Amino acid sequence: LKANPYEENLVMRTQKARFVLVLAVIIMLAAFPFSAGADHAWGNYHWARTSNPATITVIDSMTTDWDDNLDTAISDWSKSSVLDIVEEAGASDANTRSRCRAVKGKVRSCNYTYGNNGWLGLAQIWVRGSHITQGTAKMNDTYFSSPAYDETARQHVVCQEIGHDWGLGHQDESGADLNTCMDYADALDNPSPNAHDYAQLETIYSHLDNSTTIGAAPAGFENANVHAQENWGTKVHEAANGRSAIFERDFGNGFKIFTFVVWAE
Amino acid sequence: MKNQVWIFLLLGCVLAVSGCATDSLTASPVGSTEPLAVEDQATLISALEGSGATVEIGEPVSQVFFSAEGTVLKVNGADVQVFEYESAEEMENEASQVSPDGGSIGTSMVTWVDVPHFYKTNRIIVLYVGNDASVLDVLESALGPQFAGR
């Protein structure tokens with residue numbers, strides 16, 4: 001049988017079109033590879049810091065029945081390449097846990113019978129611009145005292161609440177179960193973060209800041225005596241006419257005090 | 001030409017009839033009762049009771065993410081939280097902090113015990129955490145559709 005030249009041409013054109021399509025798909029995959037990339041940052045909130053991994057302290061103001069859960073959550077989040085989470089023993093009396101007062105530069109985690117208010121867990125952050133300055137994570141024992149909430153549910157919630165304090169949002173708002181403690185599903189059956197959470201943290205903390213909001217301010221910073229000129233630090237600018245100047249006292253980690261002075265004639 | 005005239009006449013009749021039909025759909029039937037305008041907690045209770053719901057005033061409730069102190073209303077036995085503000089502007093300011101899915105309010109992230117539903121009108125924000133259809137129906141009847149939640 002002799003092939004029809006029109007059909008031959010059509011077959012060749014079809015094959016060429018397929019080749020172009022496959023090539024286009026390969027180029028697209030190369031340009032936008034499937035990865036553990038995620039997009040569940042909580043706004044653009046993050047802890048300011050000058051280097052990675054950043055060490056964030058979580059104050060343990062939880063009763064002993066929650067300690068294992070907090071320990072596990074801290075261990076899980078510390079697997080992040082950009083964050084190192086350390087635990088600090090805190091007061092765990094009822095008054096402290098009830099108030100769960102935030103501490104500058106740290107996260108406090110508490111459990112208490114906060115009442116029938118509708119929430120199992122609540123994370124709060126204090127921000128300056130986009131920088132988190134302190135945070136709290138509360139677990140509501142009013143509900144957790146019910147046998148309906150098993151160990152996995154407890155782990156899911158404490159993992160999620162302190163996860164929010166790093167600047168993570170929910171992975172998805174549909175209610176789908178995404179095998180992470182950062183989902184927004186009804187079932188509390190995921191005790192740990194997943195690869196998307198760690199990827200999101202790497203995205204959030206991919207840049208460095210000029211200062212830090214982590215930890216306490218350096219010794220002497222908060223109440224520095226800057227009355228006398230010898231405590232102003234180094235002169236970094238002077239007006240051409242010599243009438244004014246700017247001094248900088250550097251405490252490290254981005255903590256600086258600037259003194260702008262206009263000299264008397 | 002004659003055909004065109006008939007077509008225009010027919011079209012005119014169709015438009016006139018459809019216009020009448022629309023009017024009849026939008027007009028309030030004679031003798032119908034208008035829904036009570038909800039402005040605050042007191043008028044909300046009246047509106048809910050008017051919808052046939054049982055309402056009891058419960059305990060005070062406070063939420064760290066709302067500045068107004070709230071009150072729990074037991075609506076058909078379910079807890080419904082009502083936060084009443086001094087002004088509609090103040091209420092709107094706080095309502096604007098609630099994310100569409102109800103998962104965050106300002107700089108607070110919440111893990112709810114059940115499905116959250118947020119409603120607002122005039123000076124009040126109403127929060128129902130649950131999924132009882134009879135409660136959702138009377139809340140929507142009194143307050144309109146939820147503005148946030150799942």
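Would you please name the residue that is nearest to residue A:50 (Cα to Cα), looking only at residues in segment A:222-243 that are surrounded by 13 or more Cβ atoms within 10 Å (Cβ to Cβ) and modelled with pLDDT under 80? The extreme case among them is A:224.
Tallying residues that are among the β-branched types (Val, Ile, Thr) and crowded, with 17+ Cβ neighbours inside 10 Å within segment A:189-212 yields 2. Looking for something over 11 Å from the mean Cα position of the chain (by Cα), of a type outside the set (Asp, Glu) and under 19 Å from residue B:54 (Cβ atoms) - is there at least one such residue anywhere in segment B:117-125? No, every residue in segment B:117-125 fails to be over 11 Å from the mean Cα position of the chain (by Cα), of a type outside the set (Asp, Glu) and under 19 Å from residue B:54 (Cβ atoms). With B:102, B:144 as the choices, which residue is surrounded by 21 or more Cβ atoms within 10 Å (Cβ to Cβ) and on the phi > 0 side of the Ramachandran plot? Exactly one of B:102, B:144 is surrounded by 21 or more Cβ atoms within 10 Å (Cβ to Cβ) and on the phi > 0 side of the Ramachandran plot, namely B:102.
Scanning segment A:178-188 for residues that are more than 10 Å from every other protein chain (Cβ to nearest Cβ) and farther than 28 Å from residue A:127 by Cα yields A:178, A:179, A:187. Do we have residue A:39 as over 22 Å from residue A:216 (Cβ atoms), in contact (Cβ under 8 Å) with a residue 40 or more places away in the chain, part of a loop (DSSP other than H, G, I, E, B) and of a type outside the set (S, T, N, Q) here? The answer is yes for residue A:39. If you filter segment B:32-60 down to residues that are in contact with a helix residue (DSSP H, G or I) (Cβ under 6 Å, 6 or more places away or on another chain) and among the β-branched types (Val, Ile, Thr), you find that the one that is modelled with the highest pLDDT is B:55. The requirement of being part of a helix (DSSP H, G or I), surrounded by fewer than 22 Cβ atoms within 10 Å (Cβ to Cβ) and not aromatic (Phe, Trp, Tyr) is not satisfied by residue B:59. For residue A:133, the criteria (1) more than 12 Å from chain B (Cβ to nearest Cβ); (2) more than 28 Å from residue B:126 (Cα to Cα); (3) β-branched (Val, Ile, Thr) hold in every case but one, which is (1). Considering only residues in segment B:45-81 that are β-branched (Val, Ile, Thr) and away from chain A (no Cβ under 13 Å), the one that is nearest to residue A:115 (Cα to Cα) turns out to be B:57. Just one residue in the set A:115, A:175 is over 23 Å from the mean Cα position of the chain (by Cα) and either at the interface with chain B (Cβ under 8 Å from one of its Cβ atoms) or among the charged types (D, E, K, R) (or both); that residue is A:115. When B:88, B:95 are checked against the criterion of being more than 12 Å from chain A (Cβ to nearest Cβ) and within 14 Å of residue B:149 (Cβ to Cβ), B:95 stands alone in meeting it. The condition of being out of contact with any strand residue (DSSP E or B) (no Cβ under 6 Å at 6 or more places or on another chain), surrounded by fewer than 21 Cβ atoms within 10 Å (Cβ to Cβ) and not in a loop (DSSP other than H, G, I, E, B) does not hold for residue B:67. Residues in segment A:102-112: is at least one among the β-branched types (Val, Ile, Thr), over 16 Å from the mean Cα position of the chain (by Cα), surrounded by fewer than 20 Cβ atoms within 10 Å (Cβ to Cβ) and over 30 Å from residue B:115 (Cβ atoms)? Taking every residue of segment A:102-112 in turn, at least one turns out to be among the β-branched types (Val, Ile, Thr), over 16 Å from the mean Cα position of the chain (by Cα), surrounded by fewer than 20 Cβ atoms within 10 Å (Cβ to Cβ) and over 30 Å from residue B:115 (Cβ atoms).
The values are calculated or read from the model by the stated rules, or taken from the named source; none is laboratory data. The structure presented is a predicted model; accordingly, all values stated were derived computationally and were not measured. Ideal geometry is used to build each Cβ from the backbone, glycine not excepted, and the neighbour counts take in all protein chains shown.
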